[in-house]
1. Going by the structure shown, is residue 54 among the hydrophobic types (A, V, I, L, M, F, W, C) and surrounded by 19 or more Cβ atoms within 10 Å (Cβ to Cβ)?
2. Looking at (1) open to solvent by less than 80 Å² (accessible area, probe 1.4 Å); (2) out of contact with any Gly (no Cβ under 8 Å at 6 or more places or on another chain), can you tell me which one residue 110 breaks?
3. Residue 83 is checked against (1) open to solvent by 10 Å² or more (accessible area, probe 1.4 Å); (2) modelled with pLDDT under 90 and fails just one. What number does that condition carry?
4. Report yes if residue 115 is touching a strand residue (DSSP E or B) at 6+ places or on another chain (Cβ under 8 Å), within 21 Å of residue 14 (Cα to Cα) and among the acidic types (Asp, Glu), otherwise no.
5. What pairs can you find where one residue is in segment 55-78 and more than 16 Å from residue 33 (Cα to Cα) and acidic (Asp, Glu), the other is in a loop (DSSP other than H, G, I, E, B) and open to solvent by 20 Å² or more (accessible area, probe 1.4 Å), and their Cβ atoms are less than 6 Å apart, with a gap of 6+ or different chains?
6. Give me a count of the residues in segment 45-77 that are of a type in the set (A, V, I, L, M, F, W, C) and more than 12 Å from the chain's Cα centre (by Cα).
7. Those residues that are surrounded by 17 or more Cβ atoms within 10 Å (Cβ to Cβ), in a helix (DSSP H, G or I) and touching a residue at least 40 places away in the same chain (Cβ under 8 Å), I need them from segment 25-40; list them, please.
Amino acid sequence: MKKILVVDDEADILDTIIETLEVEFGESMSIQKAMNGLEALSKIENEDPYDLLVTDLNMPEMNGVELTEKVLFKNKSFPIIVFTGHGDFEEQQKLTDLGVRAMIKKPYVEDLIDEVSSILKV
């Protein structure tokens, strides 16, 4: 079973993403959630390994760029998908340079399903 961590500070968006993934992939995935980058980093460091991180770019406390830097510092091959409603090219370029697997612009449902399927081979 694949294990995914989804991170977003907006509860409605977080719930929508998780529901979408559960409907699409059913019981083949365990989908966990975090409300911010600090919580996500704690889960990644202290729980059984995750197969994929899906995170929002713009969050308080620790944004998606900072979270990505910290995760990839410890594991350069960790698959990460970042989504955003904003078009900040500089941040997007930095994430691409870091090794993020995909950048998805909101609305993102079909793109997210395609990327998760591709990365996890499901």
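1. yes
2. In the conditions (1) open to solvent by less than 80 Å² (accessible area, probe 1.4 Å); (2) out of contact with any Gly (no Cβ under 8 Å at 6 or more places or on another chain), residue 110 misses (1) alone.
3. (1)
4. yes
5. Close Cβ pairs satisfying both conditions: 61/36.
6. Summing the residues that are of a type in the set (A, V, I, L, M, F, W, C) and more than 12 Å from the chain's Cα centre (by Cα) in segment 45-77 gives 4.
7. 25
Okay, residues lined up against (1) loosely packed, with under 14 Cβ neighbours inside 10 Å; (2) touching a His at 6+ places or on another chain (Cβ under 8 Å):
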| site | (1), (2) |
| --- | --- |
| 58 | no, yes |
| 62 | no, no |
| 67 | no, no |
| 74 | yes, no |
| 91 | no, no |
| 101 | no, no |
| 104 | no, no |
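The values are calculated or read from the model by the stated rules, or taken from the named source; none is laboratory data. What you see is a predicted model, and the numbers here were worked out from it, not measured in a lab. In this analysis, Cβ positions are derived from the backbone assuming ideal geometry, glycine residues included, and neighbour counts consider all displayed protein chains. We work out accessible area using only protein heavy atoms, side chains counted, and drop any ligands, DNA or RNA first. Shrake-Rupley method; radii C 1.70, N 1.55, O 1.52, S 1.80 Å.
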